[in-house]
Structure formats: structure tokens, C-alpha cells
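Scroll down for the structure; my scribbles are underneath it.
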Amino acid sequence: MSSTYQNILKKTTFDPPKDWLQIKTVDMHTGGEPLRVIVSGFPELKGNSVLEYRRYCKENFDYLRTALMFEPRGHADMYGCILVPPNDGEGDFGILFLHNEGYSTMCGHAIIAIAKLAVEMKWIDVKEGDNVLKIDAPCGRITAFANVKNQKVEGVRFHCVPSFVVGLDRKIQVPGIGKVTYDLAYGGAFYAYVDMNKNNFDFDLSMESYRELIQAGMEIKHAVMKNDSGIIHPLEKDLSFLYGTIFIGDSDSTGIDSRNICIFAESEVDRCPTGSGVSGRMAIHKARNEINFGETMSIESITSSVFKGSVVSEVDYGTFKAVIPQVEGTAHITGMHTFCIDPKDPMKNGFILR
């Protein structure tokens, strides 16, 4: 055996120079949608609330978002989160969501994943049955329930913030597409919901239509952003923006009610059914009397992963009659990373090729 190969077997770790930043993460996925959980090494964020931490991160450390989400450490559809202190003493922790465009207000797949990770990492005192976590997202407090059986997480469900319908069956003229009918609703983030059965598109909701879905989703998003004045959160200005377009269609899978494909941020395609999107859908279905308390809908994604959605209660929220939705899914850990940032690397802040 060569001496070089012997040295390879003996030395399997790299010790970065002291001027290199090291950021440690736990990587996960929920229904195929990635989540890079930043657990150490990120600079301290200043503020007194999750929204203030979000603002401070955007203004001071956005280059680290791109470094961790973009290539060569990530990719165009990477997603991540940073854990921060809760808004008050009743919360367990706060969370910031990162993606290729910036910082979202709500992310259901991240809530499902981080609730499971909290159990796996023993950040909480784990017990059999439901382990309750109060998580402060930019959109408000989310209550998650990690169900443990024989010391293993069987599944996670969460109660979202009040979710409401702004308008049903709205019409808009989209350049290159024509007239589109959509619903505008909020489930922690605003989405334009486009029912395939109410519109005539030359694509379907299969993986083969991936590029067409991105193109149409972004064109619809930009048209709605430009022309719909209803994208205003009743309580918080920072939440008043359209996050994406969600296409809804029939499913060929037994026991599945419909398919949900979300095009969000800057042309990202959600691999899971989109937790905040399902939350908004629960508000839409309740407004249409298509779901009642105690009933559940199974909604699949482009990868055929499934979330279950239901309505827990109704509440008044500003001028809206809102619902508290419940969304249920599963997540898995895929790896642990220590990312190094060489200050002399010309691509240290990342780049994207799509």
C-alpha cells in the first residue's frame, strides 16, 4: 500500500485556516423539498422580534444567504432556515426562511422538518405522543405537533396562522397566455391559485411540464403583482407581497384529492405540496363549502409526496373571516455539513445557473 494512500486513510478531515468562516448545517427534506438548517457559525442577528431579525439579516448578511443557497454549495431550488430567539417567553424559538430570491414569511415544509429535528436533536424534552412546539415565523406563531411513538417521530402536523381568502375567481390578462382565472388567498404567504379545470393551458401538472409550469407560473405571478390591489396583509406591511403561483389539478393517484404545484420566489418549483399553500387552500375550500370541520384533504406534489390538510377553526382576522388550517407531513435528515467560506474565493458568495 502506498504511503500517500495510507495518509489518506489516516487524515480524513480538513482544518480550515482561522480566517475562513465555518457554518454548520443539518440538511433535510420534506416530501422532496430541501431544507438546510443552519445550526452554528452564522453571525449573530440583532433585533427584538423575528421580523426584526429578518430585516437585520437581509440588510447585513444577505451574502451568506446566497453563499449557502446558491451554487456551488446549493442550487437554484435550495431552501434553508436560521433559528433565532422567539418573540416572547411563551415561544420555543423563532425561524427565518431563506431561498433563491430572499426571505419568505412562512414555510410549512420547514416547520414540519424543524419540528422533527427538534425531537431528533433532543432540543426539547421528548415524550411519547404529541410534542408541542411554538415556533415564531415572520408571519406569526405556528404551533407544531411532533408525534413520537417508541421514541421515533411518526409524523408532524402544524396549525398555521389565520388563513383567508381575498377573492375567488378573479380574472387577469397575462401576456403570452391570455385570460387567467385565479383565486387570491393567504396561508402565511399570498398565492395566486390557478385551477387547471377553469383554464385552458397547453401543459399539465406532470414532471414533463416542469419548464412550462415555471414559465407560466412566473408570468401569472408578475401579472397579478402588477394588477391586483388585494395583496395587502391586514396587520403587517412586511407580509404584503405575492409569494407565488399555485396550480391545482386532478390527481391520478388513488386516495388523493388533488395535485398542488407551487412556483415561488424566483422560479423555484416546490417539490412538496407547499404547507403555506395548502393552508391557503383550506381557506378557499372552506369559503366554497368544499370542506368542513373534521374532514381531511390529501394533496400531492409534483414528486407525488403528500400533505394532509384540514380546518381546525374559524376566526376573525382584521376584516377577513379566516380559518386556522392544519397541515400534516413527514421529513427526513439527509446529511450534516460544515461549509467553509474562503475569503479569497472569487465565488464565495455563490452564483446561479438555471
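The values are calculated or read from the model by the stated rules, or taken from the named source; none is laboratory data. Every value quoted in this text rests on a predicted model; they were computed, and no experiment measured them. Note: ideal-geometry Cβ built from the backbone for every residue, glycine included; neighbour counts use all protein chains shown. The area values use the complete protein model at the heavy-atom level, side chains included, leaving out ligands, DNA and RNA. Shrake-Rupley method; radii C 1.70, N 1.55, O 1.52, S 1.80 Å.
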- Item | Projected label distance in nm at Phe61 and Tyr5, using a 7 Å step from Cα toward the beta-carbon | 4.4
- Query: Given charges of +1 on the Cβ of Lys and Arg and -1 on the Cβ of Asp and Glu, with all other atoms neutral, how large is the dipole of the chain about its Cα centre, in debye to the nearest 20?
  - Reply: 580
- Query: Which shape class, rounded, prolate or oblate, goes with region 261-329 when its Cα gyration tensor gives a ≥ b ≥ c as root eigenvalues, a/c under 1.5 marks rounded, and past that a/b bigger than b/c marks prolate?
  - Reply: oblate
- Task: Please work out the average accessible area per residue across region 123-234, using the 1.4 Å probe convention, and give it in Å².
- Result: 47
- Hydrodynamic radius of region 92-232 per Kirkwood, over alpha carbon pairs, in Å: 17.5
- Rounded to the nearest whole Å³, what is the per residue volume of the convex hull around the Cα atoms of the chain? 181
- Here Rg/Rh (Cα, Kirkwood) for region 182-273 equals 0.98
- Mind checking the log10 I(q)/I(0) for region 55-122 at q = 0.16, 0.27, 0.29 Å⁻¹? Debye, one equal scatterer per Cα, no solvent, two decimals. -0.61, -1.26, -1.31
- Using distinct alpha-carbon pairs, which all enter the 1/r mean, Kirkwood radius of region 19-61 in Å: 12.1
- Item | Peptides 184-197, 65-78 ordered by average Cβ neighbours within 10 Å, highest first | 184-197, 65-78
- Message: Going Cα to Cα from Lys149, which lysines come in below 20 Å? Please leave out same-chain ones fewer than 8 positions away.
- Response: Lys116, Lys122, Lys127, Lys308
- Message: Testing the spin-label approximation: label points 7 Å from Cα along Cα→Cβ at Ile352 and Glu101. State their distance in nm.
- Response: 0.9
- Using +1 on the beta carbon of Lys and Arg, -1 on that of Asp and Glu, and nothing else charged, what's the dipole of region 174-304 about the Cα centre, debye to 20? 360
- Query: Can you work out ³J(HN,Hα) from phi for every residue in region 196-203, in order, using Karplus 6.51 cos²θ - 1.76 cosθ + 1.60 and θ = phi - 60°, giving whole Hz and x for Gly and Pro?
  - Reply: 4, 6, 9, 9, 10, 10, 9, 9
- Message: As a test of the definition: which semi-axes, in Å, follow for region 195-354 when you take the square root of five times each eigenvalue of its alpha carbon gyration tensor? Largest first, please.
- Response: 29, 21, 19
- Taking the Cβ-Cβ separation of Leu21 and His332 as r and a Förster radius of 35 Å, what is the calculated FRET efficiency to the nearest 0.05? 0.80
- Item | Around Gly108: net Lys/Arg minus Asp/Glu count, Cβ-Cβ under 11 Å | -2
- Per the Debye formula with a single identical scatterer at each Cα and no solvent contribution, what log10 I(q)/I(0) holds for region 47-91 at q = 0.15, 0.16, 0.21, 0.32 Å⁻¹? -0.46, -0.51, -0.75, -1.11
- Express the carbon and sulfur contribution to the solvent-accessible surface of the chain as a percent, rounded to the nearest whole number, probe 1.4 angstrom. 48
- Note on the structure: Across Asn100, Asn260, Asn289, the residue with the highest GNM fluctuation in the chain (Cα network, 10 Å cutoff) is Asn289
- Specify the inter-centroid distance of region 312-354 and region 140-176, based on alpha-carbon positions, in whole Å. 13
- Förster-model FRET efficiency, 41 Å R0, Asp316 and Thr12, C-beta, rounded to 0.05: 0.10
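Roll a 1.4 Å probe over the protein chains and send me the accessible area per residue for region 256-354 in Å². Present the calculation step by step, with values, prior to reporting the outcome.
Working: 4320 Å² over 99 residues.
It amounts to 44 Å² per residue over region 256-354.
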- Message: Using protein chains only and a probe of 1.4 angstrom, how many square angstrom of Leu235 are accessible, to the nearest 10?
- Response: 120
- Query: What is the sum of charges around His29, taking Lys and Arg as +1, Asp and Glu as -1, for the other residues whose C-beta is under 15 Å from the C-beta of His29?
  - Reply: -3
- Pop the C-beta distance of Lys122 and Ser240 into the FRET formula with R0 = 35 Å and round what comes out to the nearest 0.05. 0.35
- Query: Of Thr330, Thr25, which has the most accessible area and how do the rest follow, probe 1.4 Å?
  - Reply: Thr330, Thr25
- Based on DSSP H runs of at least 4 residues, each adding -39500 (n - 2.57), what is the mean residue ellipticity at 222 nm of the chain after dividing by all its residues, to the nearest 500 deg cm²/dmol? -6000 deg cm²/dmol
